[in-house]
Amino acid sequence: MSDPALLSLAQAAQAVRAGRLSPDELTHASRARIECWQPRLNAFVALASEDRAPGPGALSGVPLAHKDMFYRAGRVSSCGSKILRDSVASETSTALARLDQAGAQDIGRLNMSEFAYGPTGHNEHWGDCCNPWNADYITGGSSSGAGAAVAARLVFGALGSDTGGSVRLPAAACGVSGLKTTWGRVSRHGAMPLSASLDTIGPLARTAEDCALMLGAIAGHDARDPLCAREPVPDYAALLGERASLKIALSSAWIERDADPEVAAATLAAAAVLRASGATLVEVPPPDVDALSTQCMVVMQSEASAQHARWMRERPGDYSSAVRARLEAGYAIPATVYLEALRARAAWLERFCATTLAGADLYLLPGLAIRVPTRAQTGPQGGAGMPRLLAEVTRLTRWVNYLGVPALVVPCGFDSSGLPISVQFVGRPFAEARLLAAGHAFQRETDWHQRVPV
(Lines give C-alpha, C1' and ligand atoms only; values in the text may rest on other atoms or scores of the structure.)
Protein backbone atom coordinates (compact mmCIF):
# COMPACT_ATOMS: atom_id res chain seq x y z
CA MET A 1 0.00 0.00 0.00
CA SER A 2 1.20 3.56 -0.73
CA ASP A 3 1.55 6.05 2.12
CA PRO A 4 -1.43 5.38 4.44
CA ALA A 5 -1.41 9.04 5.47
CA LEU A 6 -2.81 9.92 2.04
CA LEU A 7 -6.04 8.02 2.63
CA SER A 8 -9.21 9.86 3.56
CA LEU A 9 -10.53 9.41 7.09
CA ALA A 10 -13.31 7.16 5.78
CA GLN A 11 -10.81 5.03 3.86
CA ALA A 12 -8.46 4.79 6.84
CA ALA A 13 -11.24 3.77 9.22
CA GLN A 14 -12.44 1.14 6.75
CA ALA A 15 -8.89 -0.20 6.31
CA VAL A 16 -8.55 -0.64 10.08
CA ARG A 17 -11.93 -2.39 10.36
CA ALA A 18 -10.99 -4.73 7.51
CA GLY A 19 -7.59 -5.52 9.02
CA ARG A 20 -5.67 -4.11 6.06
CA LEU A 21 -3.98 -1.52 8.28
CA SER A 22 -3.32 -1.37 11.99
CA PRO A 23 -3.82 1.74 14.13
CA ASP A 24 -0.05 1.75 14.75
CA GLU A 25 0.60 1.91 11.00
CA LEU A 26 -1.73 4.88 10.62
CA THR A 27 -0.18 6.71 13.55
CA HIS A 28 3.34 6.01 12.32
CA ALA A 29 2.42 7.40 8.89
CA SER A 30 0.96 10.55 10.43
CA ARG A 31 3.94 11.12 12.70
CA ALA A 32 6.34 10.65 9.78
CA ARG A 33 4.57 13.39 7.82
CA ILE A 34 4.45 15.64 10.87
CA GLU A 35 8.23 15.31 11.27
CA CYS A 36 8.68 16.34 7.65
CA TRP A 37 6.10 19.14 7.45
CA GLN A 38 6.03 20.73 10.90
CA PRO A 39 9.14 22.91 10.34
CA ARG A 40 7.47 24.34 7.22
CA LEU A 41 3.97 24.82 8.60
CA ASN A 42 4.12 25.32 12.38
CA ALA A 43 0.75 23.54 12.50
CA PHE A 44 1.30 21.82 15.87
CA VAL A 45 2.06 23.39 19.22
CA ALA A 46 2.52 19.99 20.89
CA LEU A 47 2.46 16.30 20.00
CA ALA A 48 1.14 13.62 22.35
CA SER A 49 4.08 11.80 23.92
CA GLU A 50 2.37 8.43 23.60
CA ASP A 51 -0.66 6.99 21.85
CA ARG A 52 -3.66 5.52 23.66
CA ALA A 53 -4.82 2.03 22.82
CA PRO A 54 -7.78 2.68 20.52
CA GLY A 55 -11.21 1.51 21.55
CA PRO A 56 -13.88 0.16 19.23
CA GLY A 57 -15.95 2.55 17.19
CA ALA A 58 -16.48 4.13 13.79
CA LEU A 59 -13.14 5.99 14.00
CA SER A 60 -11.13 3.30 15.75
CA GLY A 61 -7.38 3.93 15.53
CA VAL A 62 -7.62 6.96 13.21
CA PRO A 63 -5.15 9.75 14.17
CA LEU A 64 -6.72 13.17 14.69
CA ALA A 65 -5.44 16.39 16.23
CA HIS A 66 -7.41 19.40 17.38
CA LYS A 67 -7.35 23.15 17.74
CA ASP A 68 -5.65 23.99 21.03
CA MET A 69 -8.84 25.17 22.74
CA PHE A 70 -10.49 21.83 23.46
CA TYR A 71 -9.70 20.93 27.04
CA ARG A 72 -8.42 17.51 28.05
CA ALA A 73 -8.06 16.79 31.77
CA GLY A 74 -4.41 16.93 32.86
CA ARG A 75 -3.22 18.52 29.61
CA VAL A 76 -2.28 22.09 28.76
CA SER A 77 -4.66 24.04 26.54
CA SER A 78 -3.07 27.36 25.60
CA CYS A 79 -5.90 28.68 23.41
CA GLY A 80 -3.18 30.23 21.26
CA SER A 81 -2.36 32.73 24.00
CA LYS A 82 0.41 33.84 26.32
CA ILE A 83 -2.02 34.08 29.23
CA LEU A 84 -2.93 30.37 29.14
CA ARG A 85 0.42 29.06 27.86
CA ASP A 86 0.83 26.73 30.87
CA SER A 87 -2.81 26.29 31.85
CA VAL A 88 -3.67 22.66 32.65
CA ALA A 89 -7.28 21.64 32.08
CA SER A 90 -9.29 19.99 34.86
CA GLU A 91 -11.89 18.43 32.56
CA THR A 92 -12.22 16.98 29.08
CA SER A 93 -14.42 18.62 26.49
CA THR A 94 -17.53 16.75 25.41
CA ALA A 95 -16.43 16.80 21.76
CA LEU A 96 -13.07 15.18 22.59
CA ALA A 97 -14.70 12.64 24.88
CA ARG A 98 -17.11 11.62 22.13
CA LEU A 99 -14.28 11.20 19.63
CA ASP A 100 -12.49 9.08 22.26
CA GLN A 101 -15.63 6.93 22.50
CA ALA A 102 -15.57 6.53 18.72
CA GLY A 103 -12.04 5.14 19.02
CA ALA A 104 -10.12 8.02 17.44
CA GLN A 105 -6.54 8.82 18.42
CA ASP A 106 -5.80 12.37 19.64
CA ILE A 107 -2.15 12.86 18.71
CA GLY A 108 -1.62 16.56 19.38
CA ARG A 109 -2.63 20.17 19.90
CA LEU A 110 -2.87 22.41 16.84
CA ASN A 111 -1.86 26.04 16.40
CA MET A 112 -4.60 28.67 16.29
CA SER A 113 -5.17 32.39 16.29
CA GLU A 114 -4.88 33.88 19.78
CA PHE A 115 -8.10 33.18 21.72
CA ALA A 116 -9.72 32.22 18.37
CA TYR A 117 -10.00 35.93 17.58
CA GLY A 118 -8.38 36.34 14.17
CA PRO A 119 -9.19 35.25 10.59
CA THR A 120 -5.70 34.69 9.16
CA GLY A 121 -3.54 32.34 11.26
CA HIS A 122 -1.09 34.95 12.53
CA ASN A 123 0.02 34.39 16.13
CA GLU A 124 2.58 36.54 17.96
CA HIS A 125 2.96 34.07 20.82
CA TRP A 126 3.27 30.71 19.05
CA GLY A 127 4.35 31.82 15.58
CA ASP A 128 2.26 32.03 12.44
CA CYS A 129 0.80 28.91 10.89
CA CYS A 130 1.70 28.65 7.19
CA ASN A 131 -0.28 27.50 4.18
CA PRO A 132 0.88 24.07 2.89
CA TRP A 133 0.48 25.17 -0.74
CA ASN A 134 2.78 28.18 -0.23
CA ALA A 135 4.13 29.22 3.14
CA ASP A 136 3.99 32.91 2.21
CA TYR A 137 0.19 32.77 2.27
CA ILE A 138 -2.30 32.65 5.13
CA THR A 139 -3.95 29.47 6.32
CA GLY A 140 -7.08 31.29 7.37
CA GLY A 141 -8.08 31.42 11.00
CA SER A 142 -8.72 30.92 13.69
CA SER A 143 -8.47 27.12 13.25
CA SER A 144 -5.23 27.63 11.34
CA GLY A 145 -3.33 24.53 12.43
CA ALA A 146 -6.37 22.37 11.72
CA GLY A 147 -6.60 23.55 8.13
CA ALA A 148 -2.87 23.19 7.50
CA ALA A 149 -2.53 19.78 9.20
CA VAL A 150 -5.44 18.23 7.33
CA ALA A 151 -4.37 19.68 3.97
CA ALA A 152 -0.79 18.41 4.35
CA ARG A 153 -2.11 14.96 5.37
CA LEU A 154 -0.55 15.15 8.84
CA VAL A 155 -3.81 13.93 10.40
CA PHE A 156 -7.06 12.59 8.98
CA GLY A 157 -9.28 15.21 10.57
CA ALA A 158 -9.41 17.92 13.21
CA LEU A 159 -11.90 19.80 15.35
CA GLY A 160 -12.16 23.55 14.96
CA SER A 161 -14.47 26.26 16.21
CA ASP A 162 -16.43 28.68 14.04
CA THR A 163 -17.65 32.00 15.46
CA GLY A 164 -17.23 34.12 12.32
CA GLY A 165 -15.73 31.67 9.85
CA SER A 166 -12.98 29.97 11.82
CA VAL A 167 -13.64 26.46 10.44
CA ARG A 168 -14.55 27.52 6.91
CA LEU A 169 -11.77 30.07 6.32
CA PRO A 170 -8.93 27.56 6.98
CA ALA A 171 -10.79 24.96 4.94
CA ALA A 172 -11.11 27.44 2.07
CA ALA A 173 -7.53 28.71 2.22
CA CYS A 174 -5.95 25.26 2.62
CA GLY A 175 -8.18 23.31 0.24
CA VAL A 176 -9.99 20.93 2.60
CA SER A 177 -13.59 20.35 3.66
CA GLY A 178 -14.87 22.23 6.69
CA LEU A 179 -18.30 22.15 8.34
CA LYS A 180 -19.74 24.97 10.42
CA THR A 181 -22.51 23.29 12.37
CA THR A 182 -25.87 24.70 13.41
CA TRP A 183 -25.65 26.75 16.59
CA GLY A 184 -26.34 24.21 19.36
CA ARG A 185 -25.77 21.09 17.23
CA VAL A 186 -22.48 20.21 19.02
CA SER A 187 -21.79 20.74 22.71
CA ARG A 188 -19.33 23.52 23.55
CA HIS A 189 -18.73 22.13 27.05
CA GLY A 190 -15.00 22.06 27.75
CA ALA A 191 -14.12 24.28 24.79
CA MET A 192 -12.81 27.85 25.12
CA PRO A 193 -15.67 30.35 24.78
CA LEU A 194 -15.48 33.47 22.63
CA SER A 195 -19.08 34.48 21.88
CA ALA A 196 -21.81 32.31 23.37
CA SER A 197 -24.42 33.49 20.88
CA LEU A 198 -22.25 32.54 17.88
CA ASP A 199 -19.73 29.83 18.87
CA THR A 200 -20.01 26.50 17.07
CA ILE A 201 -17.78 23.42 16.85
CA GLY A 202 -17.22 21.47 13.67
CA PRO A 203 -14.81 19.21 11.78
CA LEU A 204 -12.17 19.91 9.18
CA ALA A 205 -11.32 16.86 7.09
CA ARG A 206 -10.41 15.83 3.57
CA THR A 207 -13.91 15.12 2.29
CA ALA A 208 -17.56 15.76 3.04
CA GLU A 209 -17.83 12.06 3.86
CA ASP A 210 -15.10 12.45 6.48
CA CYS A 211 -16.91 15.43 7.97
CA ALA A 212 -20.10 13.34 8.15
CA LEU A 213 -18.29 10.63 10.12
CA MET A 214 -16.81 13.12 12.58
CA LEU A 215 -20.10 14.99 13.00
CA GLY A 216 -21.90 11.72 13.69
CA ALA A 217 -19.48 11.10 16.54
CA ILE A 218 -19.71 14.53 18.22
CA ALA A 219 -23.28 15.77 17.61
CA GLY A 220 -26.10 15.49 20.11
CA HIS A 221 -27.49 16.95 23.29
CA ASP A 222 -25.27 17.51 26.30
CA ALA A 223 -26.80 18.75 29.55
CA ARG A 224 -23.48 20.40 30.46
CA ASP A 225 -23.98 22.92 27.65
CA PRO A 226 -27.25 24.71 28.42
CA LEU A 227 -27.48 25.98 24.82
CA CYS A 228 -27.02 22.55 23.26
CA ALA A 229 -30.01 21.48 21.15
CA ARG A 230 -32.13 18.38 21.68
CA GLU A 231 -32.64 17.75 17.96
CA PRO A 232 -32.20 14.08 17.03
CA VAL A 233 -28.92 13.13 15.37
CA PRO A 234 -29.34 11.44 11.98
CA ASP A 235 -26.88 8.99 10.46
CA TYR A 236 -25.04 11.60 8.41
CA ALA A 237 -22.82 9.09 6.59
CA ALA A 238 -25.80 6.96 5.56
CA LEU A 239 -27.59 10.01 4.11
CA LEU A 240 -24.73 11.10 1.83
CA GLY A 241 -26.32 9.47 -1.21
CA GLU A 242 -29.55 11.46 -0.97
CA ARG A 243 -28.95 13.87 -3.84
CA ALA A 244 -31.52 13.08 -6.53
CA SER A 245 -33.88 15.93 -5.64
CA LEU A 246 -31.25 18.45 -4.49
CA LYS A 247 -32.30 22.05 -5.20
CA ILE A 248 -29.59 24.68 -5.01
CA ALA A 249 -30.17 28.44 -4.87
CA LEU A 250 -27.47 30.82 -6.07
CA SER A 251 -27.03 34.40 -7.26
CA SER A 252 -24.86 34.07 -10.37
CA ALA A 253 -24.76 37.74 -11.34
CA TRP A 254 -23.89 38.73 -7.76
CA ILE A 255 -21.08 36.15 -7.63
CA GLU A 256 -19.66 37.45 -10.93
CA ARG A 257 -19.89 41.02 -9.70
CA ASP A 258 -18.71 40.62 -6.10
CA ALA A 259 -16.06 37.88 -6.27
CA ASP A 260 -12.60 37.84 -7.82
CA PRO A 261 -12.95 36.66 -11.44
CA GLU A 262 -11.04 33.43 -10.83
CA VAL A 263 -13.10 32.70 -7.73
CA ALA A 264 -16.37 33.48 -9.52
CA ALA A 265 -15.49 31.22 -12.44
CA ALA A 266 -14.59 28.28 -10.18
CA THR A 267 -17.70 28.74 -8.04
CA LEU A 268 -20.06 28.82 -11.01
CA ALA A 269 -18.24 25.84 -12.52
CA ALA A 270 -18.93 23.95 -9.26
CA ALA A 271 -22.63 24.80 -9.60
CA ALA A 272 -22.57 23.47 -13.16
CA VAL A 273 -21.03 20.20 -11.97
CA LEU A 274 -23.84 19.76 -9.47
CA ARG A 275 -26.46 20.54 -12.11
CA ALA A 276 -24.91 17.93 -14.41
CA SER A 277 -25.06 15.39 -11.58
CA GLY A 278 -28.81 15.90 -11.15
CA ALA A 279 -29.29 18.98 -8.98
CA THR A 280 -31.69 21.80 -9.89
CA LEU A 281 -30.26 25.34 -9.82
CA VAL A 282 -32.53 28.21 -8.76
CA GLU A 283 -31.49 31.84 -9.28
CA VAL A 284 -32.39 34.07 -6.30
CA PRO A 285 -31.49 37.57 -5.08
CA PRO A 286 -28.52 37.42 -2.69
CA PRO A 287 -29.06 37.80 1.04
CA ASP A 288 -27.79 41.05 2.54
CA VAL A 289 -24.49 39.55 3.65
CA ASP A 290 -23.00 42.92 4.59
CA ALA A 291 -25.85 43.91 6.92
CA LEU A 292 -25.83 40.44 8.49
CA SER A 293 -22.05 40.56 8.90
CA THR A 294 -22.34 43.89 10.68
CA GLN A 295 -24.87 42.39 13.09
CA CYS A 296 -22.52 39.44 13.65
CA MET A 297 -19.66 41.78 14.53
CA VAL A 298 -21.81 43.67 17.05
CA VAL A 299 -22.64 40.43 18.85
CA MET A 300 -19.15 38.95 18.59
CA GLN A 301 -17.26 42.02 19.76
CA SER A 302 -19.66 42.69 22.64
CA GLU A 303 -19.55 39.13 23.96
CA ALA A 304 -15.84 38.58 23.38
CA SER A 305 -14.94 41.80 25.18
CA ALA A 306 -17.14 40.85 28.12
CA GLN A 307 -15.51 37.40 28.19
CA HIS A 308 -12.06 38.97 28.46
CA ALA A 309 -12.93 41.90 30.74
CA ARG A 310 -10.91 40.71 33.78
CA TRP A 311 -7.75 39.87 31.86
CA MET A 312 -8.04 43.10 29.88
CA ARG A 313 -8.04 44.97 33.19
CA GLU A 314 -5.28 42.94 34.81
CA ARG A 315 -3.06 41.74 31.93
CA PRO A 316 -3.63 43.87 28.82
CA GLY A 317 0.05 43.65 27.88
CA ASP A 318 -0.17 39.87 27.53
CA TYR A 319 -2.43 40.16 24.48
CA SER A 320 -1.07 40.75 20.99
CA SER A 321 -1.72 44.26 19.71
CA ALA A 322 -4.24 43.00 17.14
CA VAL A 323 -6.36 41.02 19.61
CA ARG A 324 -6.17 43.76 22.23
CA ALA A 325 -7.46 46.28 19.66
CA ARG A 326 -10.37 44.00 18.75
CA LEU A 327 -11.30 43.58 22.40
CA GLU A 328 -11.04 47.31 23.09
CA ALA A 329 -13.43 47.99 20.21
CA GLY A 330 -16.08 45.85 21.87
CA TYR A 331 -16.22 48.07 24.94
CA ALA A 332 -17.47 50.97 22.80
CA ILE A 333 -20.62 49.15 21.66
CA PRO A 334 -23.73 50.35 23.57
CA ALA A 335 -25.78 47.66 25.29
CA THR A 336 -28.86 48.78 23.36
CA VAL A 337 -27.11 48.12 20.03
CA TYR A 338 -25.98 44.67 21.18
CA LEU A 339 -29.45 43.73 22.43
CA GLU A 340 -31.10 44.99 19.26
CA ALA A 341 -28.76 42.79 17.18
CA LEU A 342 -29.79 39.77 19.22
CA ARG A 343 -33.49 40.71 19.04
CA ALA A 344 -33.40 41.02 15.25
CA ARG A 345 -31.71 37.67 14.72
CA ALA A 346 -34.86 35.54 14.57
CA ALA A 347 -36.46 37.81 11.98
CA TRP A 348 -33.36 37.71 9.78
CA LEU A 349 -33.28 33.91 10.00
CA GLU A 350 -36.95 33.62 9.09
CA ARG A 351 -36.39 35.90 6.09
CA PHE A 352 -33.42 33.84 4.87
CA CYS A 353 -35.37 30.58 5.07
CA ALA A 354 -38.55 32.05 3.56
CA THR A 355 -36.92 33.95 0.68
CA THR A 356 -33.40 32.80 -0.20
CA LEU A 357 -34.22 29.15 0.53
CA ALA A 358 -37.93 29.31 -0.38
CA GLY A 359 -37.55 26.85 -3.26
CA ALA A 360 -34.21 25.28 -2.42
CA ASP A 361 -32.35 23.04 0.00
CA LEU A 362 -29.24 25.18 0.21
CA TYR A 363 -27.60 28.39 -0.97
CA LEU A 364 -24.34 28.26 -2.95
CA LEU A 365 -21.66 30.95 -2.91
CA PRO A 366 -17.86 31.18 -2.62
CA GLY A 367 -16.11 30.37 0.64
CA LEU A 368 -13.74 33.30 0.09
CA ALA A 369 -14.74 36.02 -2.36
CA ILE A 370 -11.10 36.95 -2.89
CA ARG A 371 -8.02 34.93 -3.71
CA VAL A 372 -6.06 33.76 -0.67
CA PRO A 373 -3.88 36.70 0.47
CA THR A 374 -0.34 36.57 1.78
CA ARG A 375 0.72 36.66 5.41
CA ALA A 376 2.53 39.94 4.73
CA GLN A 377 -0.58 41.58 3.27
CA THR A 378 -2.71 40.65 6.30
CA GLY A 379 -0.12 40.94 9.08
CA PRO A 380 1.12 43.79 11.30
CA GLN A 381 3.02 45.34 8.38
CA GLY A 382 0.12 45.07 5.96
CA GLY A 383 -0.28 48.82 5.63
CA ALA A 384 -3.33 51.04 5.28
CA GLY A 385 -5.23 48.54 3.17
CA MET A 386 -4.92 45.70 5.67
CA PRO A 387 -8.18 46.29 7.63
CA ARG A 388 -10.22 46.35 4.42
CA LEU A 389 -8.52 43.16 3.23
CA LEU A 390 -9.34 41.40 6.52
CA ALA A 391 -12.97 42.47 6.12
CA GLU A 392 -12.99 40.87 2.66
CA VAL A 393 -11.59 37.64 4.10
CA THR A 394 -14.57 37.22 6.43
CA ARG A 395 -17.27 38.87 4.30
CA LEU A 396 -18.91 35.62 3.16
CA THR A 397 -18.67 33.70 6.42
CA ARG A 398 -19.74 35.94 9.32
CA TRP A 399 -23.33 36.37 8.12
CA VAL A 400 -23.87 32.62 8.49
CA ASN A 401 -22.84 32.71 12.15
CA TYR A 402 -25.31 35.49 12.88
CA LEU A 403 -28.15 33.39 11.45
CA GLY A 404 -26.92 30.31 13.36
CA VAL A 405 -27.31 28.03 10.33
CA PRO A 406 -24.92 25.34 9.06
CA ALA A 407 -22.47 25.78 6.18
CA LEU A 408 -20.02 23.50 4.40
CA VAL A 409 -16.91 24.57 2.48
CA VAL A 410 -15.26 22.24 -0.05
CA PRO A 411 -12.43 22.91 -2.53
CA CYS A 412 -13.47 23.61 -6.12
CA GLY A 413 -10.29 24.72 -7.88
CA PHE A 414 -6.99 26.57 -7.71
CA ASP A 415 -6.15 30.14 -8.69
CA SER A 416 -3.32 31.23 -10.96
CA SER A 417 -0.99 31.44 -7.94
CA GLY A 418 -1.64 27.79 -7.06
CA LEU A 419 -3.80 28.54 -4.00
CA PRO A 420 -7.14 26.80 -3.37
CA ILE A 421 -10.55 28.17 -4.30
CA SER A 422 -13.63 26.93 -2.44
CA VAL A 423 -17.38 26.76 -2.74
CA GLN A 424 -19.70 27.16 0.26
CA PHE A 425 -23.12 25.59 0.85
CA VAL A 426 -25.43 27.21 3.42
CA GLY A 427 -28.60 25.52 4.69
CA ARG A 428 -31.48 25.70 7.13
CA PRO A 429 -30.93 24.99 10.84
CA PHE A 430 -29.97 21.34 11.43
CA ALA A 431 -29.77 20.63 7.68
CA GLU A 432 -26.18 19.39 7.87
CA ALA A 433 -27.18 16.14 6.14
CA ARG A 434 -28.28 18.00 3.00
CA LEU A 435 -25.11 20.09 2.91
CA LEU A 436 -22.93 17.02 3.32
CA ALA A 437 -24.87 15.22 0.58
CA ALA A 438 -24.24 18.17 -1.76
CA GLY A 439 -20.55 18.21 -0.89
CA HIS A 440 -20.30 14.47 -1.36
CA ALA A 441 -22.08 14.66 -4.72
CA PHE A 442 -19.65 17.33 -5.89
CA GLN A 443 -16.63 15.36 -4.69
CA ARG A 444 -17.82 12.23 -6.47
CA GLU A 445 -17.61 14.19 -9.74
CA THR A 446 -14.36 16.12 -9.11
CA ASP A 447 -10.90 15.49 -7.70
CA TRP A 448 -10.01 18.84 -6.13
CA HIS A 449 -10.16 17.26 -2.66
CA GLN A 450 -7.59 14.67 -3.73
CA ARG A 451 -4.87 17.21 -4.60
CA VAL A 452 -2.00 17.08 -2.10
CA PRO A 453 0.58 19.84 -1.47
CA VAL A 454 4.22 18.84 -2.01
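I'd like the carbon and sulfur percentage of the solvent accessible area for the chain, probe radius 1.4 Å, heavy atoms only, ligands and nucleic acids excluded. Roughly 53 percent of what the probe reaches on the chain is carbon or sulfur. Computed over protein heavy atoms with a 1.4 Å probe, the accessible surface of the chain works out to 36 Å² per residue.
Per the Kirkwood formula applied to alpha carbons, the stretch 404-454 shows a radius of gyration over Rh ratio, Rg over Rh, of 1.04. Please compute the alpha carbon radius of gyration of the stretch 12-159, then divide it by the globular-protein estimate 2.2 N^0.38 Å. Two decimals is fine. Taking N as the residue count of the stretch 12-159, the ratio is 1.01. For the stretch 124-129, the Karplus equation 6.51 cos²θ - 1.76 cosθ + 1.60, evaluated at θ = phi - 60°, returns couplings of 5, 8, 10, x, 5, 8 Hz by residue, with Gly and Pro reported as x. Based on alpha-carbon atoms, the Kirkwood radius and the radius of gyration of the chain give Rg/Rh equal to 0.94. In this view, the solvent-accessible surface of K82, computed with a 1.4 Å probe and all protein chains in place, comes to about 100 Å². Ligands, DNA and RNA aside, E231 has an accessible area near 90 Å² when probed at 1.4 Å. For K82, the lysines whose Cα falls under 19 Å of its own Cα, not counting residues fewer than eight places away in the same chain, are K67. Restricting to the chain, what percent of DSSP beta bridges are antiparallel, rounded to 5? For the chain, the DSSP antiparallel bridge percentage is about 75. Remark: the N134-I333 segment gains 67.8 nm on full extension, using 0.36 nm per residue and subtracting the alpha carbon distance. With helices as the sole contributors, the chain gives -11000 deg cm²/dmol at 222 nm; each DSSP H run of n ≥ 4 counts as -39500 (n - 2.57), and the sum is divided by every residue. Between A238 and R224, the simple spin-label model (points 7 angstrom out along Cα→Cβ) gives 2.8 nm. Please find the FRET efficiency linking A269 to K247, where r is the Cβ-Cβ separation and R0 is fixed at 22 Å, and quote it to the nearest 0.05. After rounding, the FRET efficiency stands at 0.70. Label zone of S321 (point 7 Å out along Cα→Cβ, amide N under 20 Å): in the stretch 381-412 this covers 381-391.
Across the stretch 438-454, computed HN-Hα scalar couplings (Karplus, 6.51 cos²θ - 1.76 cosθ + 1.60, θ = phi - 60°) run 5, x, 5, 4, 5, 6, 6, 9, 9, 10, 4, 5, 8, 5, 10, x, 10 Hz from first to last residue, x flagging Gly and Pro. A compact globular protein would have a Cα radius of gyration near 2.2 N^0.38 Å; the ratio found for the stretch 216-290 is 1.54.
Applying 0.36 nm per residue to the separation of R310 and S49 and subtracting their alpha-carbon distance, the gain on full extension is 90.6 nm.
Accessible area per residue (1.4 Å probe, heavy atoms of protein chains only) ranks T446, T182 as T446, T182, with the largest value leading. Close amide H pairs (under 5 Å, H built 1.01 Å from N) link V76 with A89, residues at least 5 positions away or on another chain. If R0 is taken as 41 Å, the Cβ-Cβ distance between S277 and A347 corresponds to a FRET efficiency of 0.70.
The values are calculated or read from the model by the stated rules, or taken from the named source; none is laboratory data. Just so you know, these numbers come straight off a predicted model, no measurement behind them. As a convention, Cβ positions derive from the backbone with ideal geometry for all residues, glycine included, and neighbour counts pool all protein chains shown. The area values use the complete protein model at the heavy-atom level, side chains included, leaving out ligands, DNA and RNA. Shrake-Rupley method; radii C 1.70, N 1.55, O 1.52, S 1.80 Å.
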